[in-house]
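Input: a single structure, listed below in structure tokens.
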Amino acid sequence: MSETVETLTPNTSGMDHLPLCIDSSSTENNEGRSDVWGHFTKQKPYSEKKAKCNYCGDLIKYLAGTSGMRNHLTRCKENPNREVFKRQKLLSSTTEVSISPSGTISKFDQNASRMKLVKMFVKSKLPFRFVENDDFRDFVWSLQPRFEVPSRTTLRREIWELFYEEEKAKLKMFLSKQCEGVCLTADTWTSIQNLNYMSLTAHFIDNDWKLQKKILNFSQTTGHSGELIAKHVEVCLNNWELKRVLSITVDNATTNDVGVQYLKRRMLS
Ligand SMILES: [Zn+2]
């Protein structure tokens, strides 16, 4: 009865997009278990510890581990996955990397991905509850099961802590110190719970001569009367330290005439 030679079929398909966990401590010294054995065949007599490359037929010694075989795979001209092995080698030994079919390398980083998620919600104006959507979570899980998707309350807190305060400070600095003038738009709205809200939007030209639009405030008010709205706008302007207002646009309700007159007096004084 002849001895069987251990041969493992090389995994050449689908390799490029699988998340690979490269940990040299666990792959280098476990003879027969390392993924490189998928590309080599052990040669007899086994005591000589030689392995033959399945692509080019070179014999490689594996006395102290499989690193020699791994190095060969980065050089072997016949190896169809040579580039993948080369890139793996470049990356640190314990980093989790993914190599896309187009050859780009990505590294999973919980914090960096979390930051991108938070930014996406702000920039795309997505409702916070979307983060708890089952299909969205399923989609994220399919990409990276280790990514922890936050709850909507955590997301809201992170937006506040990571971006809002900082962006507000930047905008305030620009509007109060550098901006030549802003045009405001104020509008009021009553919700189905009969609560009154007012939004105050600033339009201005930035340092690159681009027209910008920023919502300065969206807040609850106690009523719709002209003077009340005007006082509310005044508080907002003071908070933002806005002095150079060029114009204010409101809708054509008669109460607004009273409000604008009030603001005009206050601004001029
Ligand atoms: Zn070879």
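Of note:
- Relative to its residue count, region 110-154 spans a Cα convex hull of 70 Å³ per residue.
- Across the options Phe121, Phe136, Ser151, the greatest Cα extent toward the positive end of the charge dipole of region 110-154 (unit charges at beta carbon of Lys, Arg, Asp, Glu) belongs to Phe121.
- Thr185, Thr66, Thr153, Thr222, reordered so the largest accessible area comes first (probe 1.4 Å): Thr222, Thr153, Thr185, Thr66
- Quarter the surface of the alpha carbon convex hull of region 179-268 and you get the mean projected area, 5.9 square nanometres.
- Accessible area per residue was computed with a 1.4 Å probe on protein heavy atoms; Lys86 scores about 80 Å².
- Applying the Karplus relation 6.51 cos²θ - 1.76 cosθ + 1.60 with θ = phi - 60° to region 257-269 yields 3J(HN,Hα) values of 4, 4, x, 5, 4, 4, 4, 4, 4, 5, 5, 5, 7 Hz, where x marks Gly and Pro.
- Segments 111-118, 47-54 sorted - mean Cβ within 10 Å per residue, highest first: 47-54, 111-118
The values are calculated or read from the model by the stated rules, or taken from the named source; none is laboratory data. Since the model is a prediction, treat every value here as computed from it, not as a measurement. Note that each Cβ is placed from the backbone with ideal geometry, even for glycine, and that neighbours are counted across all protein chains shown. Only protein heavy atoms, including side chains, enter the accessible area calculation; ligands, DNA and RNA are left aside. Shrake-Rupley method; radii C 1.70, N 1.55, O 1.52, S 1.80 Å.
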